[in-house]
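Shown next, in structure tokens, is the structure this report addresses.
The values are calculated or read from the model by the stated rules, or taken from the named source; none is laboratory data. Remember, predicted model here, so these are calculated numbers, not experimental data. Note that we place each Cβ from the backbone using ideal geometry, even for glycine, and neighbour counts take in every protein chain shown.
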Amino acid sequence: MSTPETSEQILRSNSGLIHRVVMHCNDPKSVPDLNQALEQAEENGWDQLVAIIRDIISGKREDAIPSELDEETRLVAEAILRGLHDPSTLPDMETDLDSPMAGRGIAGLLYSSRNGNEQALRIISGVTKQMWEAGGDMGIMAERIQTLLQGDRDMGRLTKDMGEKGQKMMLEILVELSIQEEKQRSSSDG
């Protein structure tokens, strides 16, 4: 049995996945990169967790968590189920400029927020607060989130005063937003 600190760290390091699954269950179109996140989890050896998540997504939640699980898998799966019943129990989002999924995750939250998803807006508000508290490029990024929500896509303005890592993450966010917005236009044109 892990300590409360270890459990909290496990949940924080998997918070992006936990939030994505909960958002997807509440609004299946709100997380266009969920399959990519699940494929990445499988590549990292999380086959059992991905199978549980797929059960949860398909509505099989009563017996979704088998009794024989390692502690990390159990903690993540239980956090997802708790988050579905009470979003206030979701762990804080981990904000890491080096994370390959951070830009995509933030873009997904921004896109969903711009399209009226209240839960995504609450999550992005929490993420922004954490970024602000972290300072540096993260603090600057936090300031620019509101600008992104209002539709600004000017790379020069959005990356002003940021270091290389912050600029890279902002570019990832802008690219992913562009992809999602183009998919929306294509589906509404067709």
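Within the set Ala102, Ala79, Ala134, the sole residue that is small (Gly, Ala, Ser), out of contact with any Cys (no Cβ under 6 Å at 6 or more places or on another chain) and under 12 Å from His19 (Cα atoms) turns out to be Ala79. Determine if the range 82-98 includes at least one residue that is crowded, with 17+ Cβ neighbours inside 10 Å, in contact with a Gly (Cβ under 7 Å, 6 or more places away or on another chain) and at pLDDT 85 or above. No; the residues of the range 82-98 include none that is crowded, with 17+ Cβ neighbours inside 10 Å, in contact with a Gly (Cβ under 7 Å, 6 or more places away or on another chain) and at pLDDT 85 or above. Listed conditions (1) assigned to a loop (DSSP other than H, G, I, E, B); (2) crowded, with 16+ Cβ neighbours inside 10 Å; (3) modelled with pLDDT under 85 are all met by Gln119, apart from (1). Checked across the range 61-70, the condition of being farther than 20 Å from Gly126 by Cα, in a helix (DSSP H, G or I) and among the β-branched types (Val, Ile, Thr) holds for no residue. Taking the listed residues Gly156, Gly166, the one that is in a helix (DSSP H, G or I) and under 19 Å from the mean Cα position of the chain (by Cα) is Gly166, with no other qualifying.
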